[in-house]
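To start, the structure under review is shown below, and the notes come after it.
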Amino acid sequence: NEDPSTDDMTLTIKELNQDVTKASGAFSDGWADHMTMAMVENERMYDTLSTKTTATTFPNEHLAQQLKTIAMMIDSRTERAVDGDVFFASKGGFDTHMETLMHTNNRFAELDAAYGAFRAELKAKGVWDQVVLVTVSDFGRTLNPNGQKGVDHAWGAHYMMMGGGVKGGQIHGTYPDDLTDDGPVMLTRGRAVPTMGW
């Protein structure tokens, strides 16, 4: 915490969580142990990452900054003594009930810039061939617009996978031959049932 509410906040939290007795109970003892360990591990991680730099300039955007931190985490794998990691980053703004084209174009441009910087950084560090980036969407969108130039919740979201070791350039699944409500995989209002599950 670079801007603590008090100068001794960290020390106070540690002292409070070390002061457990038999009367405190198992839950209090467990909480205190986990809180203290989390603070120790956070300090260790902060110190480790503070020595890392990136060769790439990442956009000043939420997802790009998350990927920058992940790139630094990958770069710290030796210090952390790990053989492999799984990281999670998220980006909102795709629930486009209004003005879908405008919002989607903006979001895709941000994704492109963030993924491009991440790839460039991992290539510069010589680890792009050992990394797989997977995008996951929680739901698709209707093919038919609503009355506000937007689209609503549906089935059939898209997933992407990329990385130096990924055999790319492939699209899996089958695009529907008939997009009308009478199509064999179509529900009402342009909701398509996926032909391939995640």
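Quick notes on this structure:
- Long-range neighbours under 8 Å by Cβ, at least six apart or interchain, first residue touching a residue at least 40 places away in the same chain (Cβ under 8 Å) within segment 12-38, second surrounded by 11 or more Cβ atoms within 10 Å (Cβ to Cβ) and in a helix (DSSP H, G or I): none
- Any hit, segment 93-112, residues being open to solvent by 40 Å² or more (accessible area, probe 1.4 Å), basic (K, R) and in a loop (DSSP other than H, G, I, E, B): no
- For N144, the conditions (1) of a type outside the set (G, A, S); (2) more than 28 Å from T54 (Cβ to Cβ); (3) open to solvent by 70 Å² or more (accessible area, probe 1.4 Å) are fulfilled apart from (3).
- Of all residues in segment 25-61, those satisfying the criterion of being farther than 30 Å from T78 by Cβ and loosely packed, with under 13 Cβ neighbours inside 10 Å are G25, A26, F27, G30.
- Odd one out for D129, checked against (1) over 20 Å from the mean Cα position of the chain (by Cα); (2) open to solvent by 60 Å² or more (accessible area, probe 1.4 Å); (3) of a type outside the set (A, V, I, L, M, F, W, C): (1)
- Subset of segment 147-158 (residues that are open to solvent by 60 Å² or more (accessible area, probe 1.4 Å) and either out of contact with any Ser or Thr (no Cβ under 8 Å at 6 or more places or on another chain) or of a type in the set (G, A, S) (or both)): G147, Q148, W155
- For segment 56-103, the set of residues classified as in contact with a Ser or Thr (Cβ under 9 Å, 6 or more places away or on another chain), modelled with pLDDT of 95 or more and among the polar types (S, T, N, Q) consists of Q66, S76, listed by residue number.
- Among the criteria (1) under 15 Å from T135 (Cα atoms); (2) part of a loop (DSSP other than H, G, I, E, B); (3) open to solvent by 50 Å² or more (accessible area, probe 1.4 Å), the one M161 does not fulfil is (2).
- Residues that are under 30 Å from G126 (Cα atoms), touching a residue at least 12 places away in the same chain (Cβ under 8 Å) and open to solvent by 100 Å² or more (accessible area, probe 1.4 Å), drawn from segment 165-197: H172
- Filtering segment 58-90 to residues that are closer than 14 Å to V134 by Cα and without any contact (Cβ under 8 Å) to a residue 40 or more places away in the chain leaves D85, V86, F87, F88, A89, S90.
- Condition met for K91 (within 30 Å of E43 (Cβ to Cβ) and among the basic types (K, R)): yes
The values are calculated or read from the model by the stated rules, or taken from the named source; none is laboratory data. Quick caveat: nothing in here was measured; it's all calculated off a predicted structure. When we count neighbours, we look across all protein chains shown, and the Cβ atoms used for this are built from the backbone with ideal geometry, even at glycine. Accessible surface is based on the protein model in full, side chains and every heavy atom, while ligands, DNA and RNA are left aside. Shrake-Rupley method; radii C 1.70, N 1.55, O 1.52, S 1.80 Å.
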